[in-house]
Amino acid sequence: MKTRDRIIHSAIELFNDQGERNITTNHIAAHLGISPGNLYYHFRNKEDIIHSIFDQYARHLSESFTPARSTEIRLDDLMGYLDAIFYLMWQFRFFYANLPDILSRDELLQHKYLKAQEQLRAAVEALLRSLREGGIIAVSDADLPDLGQTIKMVVTCWIPFQIAQAPHTRITKPLLYQGVMRVLFLLRPYVQPQVAPRIQQLEQHYRQLAQLGG
């Protein structure tokens, strides 16, 4: 792994474990066993590192939520999208946990975030249409944008909601799987009768992960 990639990887690890506010570039350099000067050769400051992490996050968003063609949509595809939601919440949990503060300190990052969210909104709506055309859900054109927005809101706000309920909450995998289950709960009223038993199996699968931690 190149030094630049190692810096990004270590920063994500430290931000997730100890909170982004508590970590400096010196902490990251020490964790890697390199000099601060070596780190600054690759990144100007901590904000530069955060931008690179966000770019990685945005790429995952773009790649993970591109819907399959309606003729190919399967329930396994839905499981893949739910697993992608979990991966993003777990891998970048520090970002979800401290989103307003991070964005308030960086106008450029705020702009990049809003652009990525608009792309995600369109992708989620396209995904819901693909699920509808594949006979998995039945949702009207009028309700589809609101359903997509609500799913996006639950995913984005699940971690800060949990922290607000108990400020010293540690974000764990079971806690995030509970968030994935909320997405399935939102879809449940729209599920077509012929696939309802398979959706129930999916719910049981994620319920077990929420209890066991995957």
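No value in this document is a laboratory result; all are computed from the given coordinates. Since the model is a prediction, treat every value here as computed from it, not as a measurement. Here Cβ is always computed from backbone atoms with ideal geometry, including for glycine, and neighbour counts include all displayed protein chains.
Mean-square fluctuations from a GNM of the chain, with a 10 angstrom spring cutoff on Cα atoms, peak among TYR40, TYR190, TYR87 at TYR40.
Between ILE23, ILE159, ILE85, the GNM of the chain built on Cα springs shorter than 10 angstrom shows ILE23 fluctuating the most. In order along the stretch 42-57, phi translates into HN-Hα couplings of 9, 9, 5, 6, 5, 4, 5, 5, 4, 4, 5, 5, 5, 4, 5, 4 Hz, rounded to whole numbers, per the Karplus curve 6.51 cos²θ - 1.76 cosθ + 1.60 with θ = phi - 60° and x for Gly and Pro. Taking label positions 7 Å along the Cα-Cβ direction at both GLN204 and HIS60, the computed distance is 3.0 nm, reported to one decimal. Residues whose amide H falls under 5 Å from that of VAL191, counting only those 5 or more places apart or on a different chain, are ALA138, with hydrogens built in the peptide plane. For the options ALA122, ALA30, ALA97, a Gaussian network treatment of the chain with springs between C-alpha atoms closer than 10 Å singles out ALA30 as fluctuating the most.
Of the trypsin sites (Lys or Arg not before Pro) found in the stretch 101-190, those that fall in a DSSP loop while having at most 15 other beta-carbon atoms within 10 Å are ARG105, ARG170. The simple Förster model, with R0 at 45 Å and r as the Cβ-Cβ distance, assigns ASP101 and GLN194 a FRET efficiency of 0.45. With Cα atoms defining each centre, the stretch 115-190 and the stretch 89-113 are spaced 18 Å apart in the structure. Quick check on the stretch 80-214: take the gyration tensor over C-alpha atoms, sort the square-rooted eigenvalues as a ≥ b ≥ c, and tell me if it's rounded (a/c under 1.5), prolate or oblate. Judged from the Cα gyration tensor, the stretch 80-214 comes out oblate (a/c at least 1.5, b/c at or above a/b).
The dipole here belongs to the chain: it is taken about the Cα centre, uses +1 on the Cβ of Lys and Arg and -1 on the Cβ of Asp and Glu, and is about 320 debye.
Of the residues SER52, HIS42, ALA97, the one whose Cα sits farthest towards the positive end of the charge dipole of the stretch 22-107 is HIS42 (charges of +1 on Lys and Arg Cβ, -1 on Asp and Glu Cβ, taken about the Cα centre). Each Lys and Arg adds +1 at its Cβ and each Asp and Glu adds -1 at its Cβ; summed about the Cα centre, the stretch 1-81 shows a dipole of about 260 debye. Helical content alone sets the calculated 222 nm signal of the chain at -24000 deg cm²/dmol, taking -39,500 (n - 2.57) per DSSP H segment of four or more residues and averaging over every residue.
Stretching THR156 away from LYS173 to a fully extended chain increases their span by 4.5 nm, per 0.36 nm per residue minus the current alpha-carbon distance.
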